[in-house]
Amino acid sequence: MDKKIKKKILKRLSIIKGQVEGLGKMIENEKYCLDILIQASAIKNAISSIEREVLKNHLKTHVIDQIKNNKEKKAVEELIKIYKLKK
């Protein structure tokens, strides 16, 4: 994995961990439902940003390598799998 992307993802995961803990406290303390939903949405968006970074890394490294090494079929299969996951 690209070192910059890895560092970015690990930092983001640390933030998400804090957000999830905060969400748990909000539920324990019976905070206003809308506030809980807003926090949960922020967590989902943060996770989506991690998915984008991992995908970017995969495309920049593995897919390029597969194509260069005449493994286009594997690259296409993986891209289709990613497409289906995101659908």
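Before moving on, here are some points about what is shown:
- Surrounding net charge for residue 23, when Lys and Arg each add one and Asp and Glu each subtract one, Cβ distance under 12 Å: +1
- Here the Gaussian network model covers the chain, with springs between Cα atoms less than 10 Å apart; of 59, 34, 13, 34 fluctuates the most.
- Inverting the pair-averaged 1/r between distinct Cα atoms of the chain gives 15.1 Å as its Kirkwood hydrodynamic radius.
- For residue 85, neighbours were defined as the other residues whose beta-carbon sits under 14 Å from its Cβ, and their charges (Lys and Arg +1, Asp and Glu -1) total +2.
- Ranked list, fewest to most other Cβ atoms within 10 Å of each Cβ, for 85, 79: 85, 79
- Take every pair of alpha-carbon atoms less than 8 Å apart whose residues are at least six positions apart; their mean separation over the length of region 3-86 yields a relative contact order of 29 percent.
- At least 15 Å along the helix axis (C-alpha) and Kyte average at least 1.0, DSSP helices within the chain: none
- Qualifying aspartates and glutamates (Cα of each under 20 Å from Cα of residue 68; at least 8 residues distant if same chain): 2, 77, 78
- The residue among 83, 18, 39 whose Cα reaches farthest toward the positive pole of the charge dipole of the chain, with charges on the beta-carbon of Lys, Arg, Asp and Glu, is 83.
- Kirkwood-Stokes translational diffusion coefficient of region 31-82, alpha-carbon pairs, 10 °C, 1.306 mPa s, µm²/s: 122 µm²/s
FYI, it's all coordinate maths here, none of it is from the lab. Predicted model, so just to flag it, every value in this text is computed and none were measured. Positions of Cβ are backbone-derived with ideal geometry, glycine not excepted, and every protein chain shown enters the neighbour counts.
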